[in-house]
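First the structure, in the form of structure tokens, and then the observations on it.
The values are calculated or read from the model by the stated rules, or taken from the named source; none is laboratory data. Quick caveat: nothing in here was measured; it's all calculated off a predicted structure. Because the Cβ atoms are built from the backbone with ideal geometry, glycine has one as well, and the counts that use them run over all protein chains shown.
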Amino acid sequence: MTEKLTVLIRQVRVLDPLSSTDTIADVLIEKGIITAISRQLESNVTIIEGKGLILAPGLVDLYSSSGEPGHEERETLPSLLAAAASGGFTRLAILPNTIPPLDNPGAIQALKQRHQALDNPTRLYFWGALTQNREGEKMTELGDLMQAGVIGFSDGRSLDNLAVLRRILEYIQPFQKPIALVPALASLQGKGVMREGNDSIRYGLPGNPSLTEITALAALLEMVAMIQTPVHIMRVSTARGVELIAEAKSRGVPLTASVSWIHLLLDTQALASYNPQLRLEPPLGNSEDRLALIAGVKNGTLDAIAIDHTPYTFEEKTLAFAEAPPGTLGLELALPLLWEHLVNGGELTPRELWQALSSNPLKCLQETPLGCSVGQKAELILFDPQLTWTVGRDSIHSLSQNTPWWGQSITGKVLQTLLY
């Protein structure tokens, strides 16, 4: 965060996914507003040398978990906000899986007041819970939650009761709020902990078939096509899932979709290590799934890349693979690792990556996308794609350390956030 000073950033690579700008320029920011972008500017102000750096809109996460309230040993709101800023995220949407859950206006207001007391400029959105119990058999008071200011509605987990889901889709239609759903059928998943296939047999781990996602997604898409309530599909992880979403979009079904960042980088072969940090939900797909997910982001079938930051303590994750709770950190690691492996590897362009991490998530939330052009309020980050650093206690702001990259060197680091 910076004060509202006049700042000139010299010879920085300006990346704006809204205007498809990718050029070297000087950028002048005065009192929090971008007032000039030119090949060369002169001004007697604070100078930031931008050579070799990227200036681009702040990143936006569609869904992540907050340890506070209920599990402050995993993550507090201050540590979550610090991790977000460290990773370049200026906006963050919180899932309702807190304790107590965000299923009533009081819980929403309490967390909002906690954020306001911190005087932190990172913008938080809150998903209101769809249902009131783990079984998902009773709707929350959706109208009351909307009045409390939720960005939309989600349970952040599968909703197996299709009759309840149908009622929710019909009831929620007039609200014109995003509804985010996880396509998974628990009865098919069973005790599976990794994607079913040759690798699950080889590693001796219970398989979770791709049908867990595909069957639930097919039913959900047919329901949305008939009811016409727009939805967001969370955590897409299969090649067939990408195909189903593309087919539905071609038919005009009102939906957007996202994939978790780590599913773009790793597949089932990474589980040869039995590293419990790679116990995820949904599980990592096979190599064909991973490539299909990348292609889905590139061609727009998958609108956004979500972080799904899910902190756990060292003790919670230090178990046998099948017994470890699913989830991983991501806010401070996603941008550098996606840039290092997918942009440098030629699988995504810088503009495609930034669209999926910044402008498109805001579109999914029905918010105005961020840009980097003259006249706009500065909500920007400076990213060094060549800076190498080691993931560890001295470099990570999250209270938890459940990531397979712990102790490893990665390349790419957010240096500064210009957020007013």
Within segment 87-120, residues in a loop (DSSP other than H, G, I, E, B), out of contact with any helix residue (DSSP H, G or I) (no Cβ under 9 Å at 6 or more places or on another chain) and not β-branched (Val, Ile, Thr) come out as LEU95, ASN97, ASP119
I need the full set of residues from segment 369-390 which are surrounded by fewer than 18 Cβ atoms within 10 Å (Cβ to Cβ) and under 17 Å from the mean Cα position of the chain (by Cα), in order please. PRO369
With respect to ARG91, is the statement that it is modelled with pLDDT of 95 or more and closer than 30 Å to GLN132 by Cα true? yes
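For segment 239-251, does any single residue satisfy the condition of being within 12 Å of PRO283 (Cβ to Cβ), buried (at least 23 other Cβ atoms within 10 Å of the Cβ) and of a type in the set (Gly, Ala, Ser)?
We begin by selecting, within segment 239-251, every residue within 12 Å of PRO283 (Cβ to Cβ); these are none.
No.
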Looking at segment 237-260, which of the residues that are closer than 23 Å to ASP308 by Cα and of a type in the set (Ser, Thr, Tyr) is farthest from the chain's Cα centre (by Cα)? THR238
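Check every one of the strands (runs of 3 or more DSSP E) wholly within segment 1-63 and list those with 2 or more residues that are hydroxyl-bearing (Ser, Thr, Tyr) and either buried (at least 17 other Cβ atoms within 10 Å of the Cβ) or outside the structural domain of ALA84 (by TED's automatic domain parsing) (or both).
So the answer is 21-30, 33-38.
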When you scan segment 333-348, do you find a residue that is surrounded by fewer than 24 Cβ atoms within 10 Å (Cβ to Cβ) and closer than 14 Å to ILE396 by Cβ, even just one? yes
Take the residues of segment 168-189 that are within 24 Å of GLY241 (Cα to Cα) and without any contact (Cβ under 8 Å) to a residue 40 or more places away in the chain: which is surrounded by the fewest Cβ atoms within 10 Å (Cβ to Cβ)? SER187
Count, please, the residues in segment 298-316 that happen to be more than 14 Å from CYS364 (Cα to Cα) and buried (at least 22 other Cβ atoms within 10 Å of the Cβ). 6
ALA306: in contact with a strand residue (DSSP E or B) (Cβ under 8 Å, 6 or more places away or on another chain), at negative phi and among the aliphatic types (A, V, I, L, M), yes or no? yes
Can you tell me which residue among LEU80, LEU111, LEU95, LEU102 is assigned by TED's automatic domain parsing to the domain that holds LYS317, in contact with a His (Cβ under 9 Å, 6 or more places away or on another chain) and closer than 30 Å to VAL182 by Cα? LEU80
Looking only at segment 140-186, count how many residues are more than 25 Å from the chain's Cα centre (by Cα), within 19 Å of ASN97 (Cα to Cα) and among the hydrophobic types (A, V, I, L, M, F, W, C). 0
Reported set for segment 2-48 where residues are in contact with a helix residue (DSSP H, G or I) (Cβ under 7 Å, 6 or more places away or on another chain) and of a type in the set (A, V, I, L, M, F, W, C) is LEU15, LEU18
Kindly check whether there is at least one residue in segment 155-162 that is of a type in the set (A, V, I, L, M, F, W, C) and surrounded by fewer than 15 Cβ atoms within 10 Å (Cβ to Cβ). yes
